[in-house]
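A short write-up of the structure that comes next.
Derivation of every value follows stated rules applied to the coordinates shown; laboratory data play no part. Treat the numbers as computed from the prediction; the structure is a model and nothing was measured. Counting neighbours? That spans all protein chains shown, and the Cβs are built from the backbone with ideal geometry, glycine included.
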Amino acid sequence: MSGNRFDFLEFSDDPPPERPAVPDDGIEESGINAPPGGMRGLIGADGRPVSEVGASGDPRGYQDFLDQNRAEDLRNAQREQETRSGTMRPLEVIGQRGERAGQFNFPTGIAVDSRGILFVADSYNHRIQRITPDGAVSIIGCKGSGPAQFLSPQDVAVDRRDAFYVVEQGNHRIQKFSATGRMELIFGHRGHLPGEFFGPTSIAVSPFSGDIYVADTGNFRVQRFDQKGRFLSQITSAGKGLTSPQSVEVDHHENVYIVDTLGHRIIQCDPTGREFMAIGRRRRTDVDWIDASFIEPRACAVDIAGFLFVADGGELLGEEGKPAGRIHVVDPIARRNEMAIQHLGRGLDRLTRPTGIAIGPALTPDPQTGLLRNEIYVADTMNHRIIRMGWV
């Protein structure tokens, strides 16, 4: 299994080094320091410095489906999405396929910062898009291997200071930018040694420690770095071997969630790889399990209430063999899979190969419990759009 999520993604031309044997204990400590990159401003797709890109008419590229009364679709969606803690519905659809600002070409990872700014890894356009709550769009980067350039960016993460991090599958590296858009750090390159990457696909920043976690998919591991990009440790043996770690998430308690896509499971562990729980198809009795019928889980996120949202790539459906998908909502405390969202209702098609999911800062009261709940954003990858969903 390579690190490539999709056949069309590109890799840089550097020859890969020989892969060393993976240590049995799954953890390697090292003092390897990766050199930081230079400091320079963001570069737009046209090679000029990034500026806010205004758009007329529908600036965020979405339609508000709350006013569309597709009653039958909505009832079907609500029946699938009812839980003890409320119902989720799509609130906005952001974007469509294309190359202009606010349009996407296979969006994958997404992140939302404390200001409500949405960052999208627009993978096949080789750029990041930054979309503010009022609809202003910034195009960050263009195709390439230089600073503030990208080759198949797969994921974005934000830290508590609203700095954002980009993981590039094609360039096998991480780039960090400040909240104001200044590039601060580049670390990593192609390889199999600690601190090197082969087709990384996901990144997360601990809200507690600030440590950086990278799903190094092609090397079958998750690596942990400090805030300066220095290697700290790696996790390879969680769950008795990672088959295809394609996403990683860290919650406020420093619990690490590893999405093992081809293992059809999510593993919860500590930063050293000591496993606490697994979610997916029941296979073992030596760890707490939550049964969930994942097909191809590809990303996860944890909200303020501790619920785990999982973007499941789904399976081939219909005569055309179009990959479907769903969003699972798991309650780790109650040890159960609360619901699976597949039909969005409101006249929308099904999710198709969702690959990214993020928690938004906006809070809405759960109508059944009165508790405040986060909105979520889903990268509906093969429909080339982002879905914002909330509790109603």
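Panel order for R265, R89, by other beta carbons found within 10 Å of each beta carbon, from fewest to most: R89, R265. Modelled spin-label separation between R335 and Q96, with each label point placed 7 Å from Cα along the Cα-to-Cβ direction: 4.9 nm. The trypsin sites (Lys or Arg not before Pro) found in the range 163-218 that occupy coil by DSSP, while having at most 15 further C-beta atoms within 10 Å, are R182. For the range 62-391, averaging the sequence separation of C-alpha pairs within contact (under 8 Å, six or more residues apart) and dividing by the residue count gives a relative contact order of 17 percent. Within the range 62-391, DSSP assigns beta bridges of which about 95% are antiparallel (rounded to the nearest 5).
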